[in-house]
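Remarks on the structure that follows.
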């Protein structure tokens, strides 16, 4: 399975931890595309820095549009008002880090 | 994407009573890549408020377009509103809450944006007849993303279904579409590529969505500024020189 890596930045009124981020992204994918759709996404939060809100989400290359739409649809994380911005997408972690730090 | 195109969000709805929040929203829009924002103003907005807004926008190098959202109950009320307000605002949006208002708005060349706020299919009047009227005038179909972000479950599914149908009709009749945030807070703002991803949920092709965020809003504002200019006579005709030197005899 080819994979894609999405650099994301969490903007929230309160701090968000990795579990809450994972939960929010999974919930958004499931709400928009259902359990069957979510099962095809191959979604994993592989990095997340709670201090600056930056993280990396991995998914299947075919699921990038689904994941981008799902992430953009998030308005709350664990009941707190929040937004997640997708900073960019890359085929390798190395290239992602090079471009988005 | 951002390097080659300028993006415009024609529908910001910040609370004008809280200028700090307005400032944050405009700054966030600029940070997300927008170079043009349309801010909804009340019909009696003072010049002072408009000047304050212009200053806030200029600080972050964003172009401000003043906008009014008309929500008439009947078509003659819409005509009255257009007579009163068209020349005072750079953008005029009509919130279509009845079929007669929707039809009048679609054929009136003073209307820039047609807005359908309800997620109830029977309350949305953008059908083939509406699109045909709009295609002969200048109105664009406005798609606000805020309801898509705020609704959940069955209601969001219903809204997506309506948007899918309306976008397909608009494209069929070559009615321009504008994608806007409709945001009342920073949390509802998204960058252009996020809007493109969200637009894919109602089957809007990414190139069309990019146009709806860039070329279309800029074209509307450019056209209206030209019309509001004192030199405007008619489309394609404008005064280029005034004074004694122009007299033939």
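Each reported figure results from applying straightforward, stated rules to the coordinates on display, with no laboratory input. Keep in mind that this is a model prediction, so the values were computed, not measured. Neighbour counts are summed over all protein chains in view; Cβ atoms, including those assigned to glycine, are modelled from backbone coordinates with ideal geometry.
Remarks
- Mean separation of Cα contacts under 8 Å, 6 or more apart, over the residue count of region B:43-155: relative contact order %: 20 percent
- Note on chain A: along the principal axes its Cα atoms extend 35, 34, 18 Å, ordered by decreasing extent.
- Semi-axes of the equivalent ellipsoid for region B:47-96, Cα gyration tensor, largest first, Å: 27, 10, 7
- Projected label distance in nm at residue A:3 and residue B:165, using a 7 Å step from Cα toward the beta-carbon: 4.3 nm
- Separation of alpha-carbon centers, region B:215-236 and region B:1-64, rounded to whole Å: 20 Å
- Inter-chain Cβ neighbour average for residues A:65-77, partner chain, 10 Å: 5
- Kirkwood Rh in Å, taken over region B:105-165 so that all alpha-carbon pairs contribute: 12.2 Å
- Report summary: the helix-based calculation at 222 nm, which adds -39500 (n - 2.57) for every DSSP H run with n ≥ 4 and divides by the residues of the protein assembly as shown, gives -13000 deg cm²/dmol.
- Percent antiparallel among DSSP beta bridges (both partners in the protein assembly as shown, rounded to 5): 50 percent
- For region B:1-82, the average shadow cast by the Cα convex hull is 6.4 nm², which is a quarter of the hull's surface.
- For region B:129-235, alpha-carbon Rg over 2.2 N^0.38 Å: 1.17
- Three principal axis extents describe the C-alpha atoms of region B:192-249; from largest down they are 64, 14, 13 Å.
- Counted over region B:32-171 with a bin width of 10 Å, the fraction of Cα pairs per bin, in whole percents, is 11, 37, 33, 17, 1.
- Note on residue B:207 and residue B:223: the model spin-label points, each 7 Å out from Cα along the C-beta direction, lie 2.2 nm apart.
- For region B:7-246, averaging the sequence separation of C-alpha pairs within contact (under 8 Å, six or more residues apart) and dividing by the residue count gives a relative contact order of 20 percent.
- Partner shielding of B:191-201 amounts to 5, given as the average count of beta-carbon atoms from other chains within 10 Å of each residue beta-carbon.
- Highest mean first, the peptides B:62-75, A:30-43 sorted by other C-beta atoms within 10 Å per residue fall in the order B:62-75, A:30-43.
- Per-residue mean of C-beta atoms belonging to partner chains within 10 Å, peptide B:101-111: 0
- For q = 0.14 Å⁻¹, Debye-computed log10 I/I(0) when each Cα of chain B counts as one equal scatterer: -0.93
- Across the protein assembly as shown, the fraction of Cα-Cα pairs farther apart than 35 Å, rounded to a whole number, is 27%.
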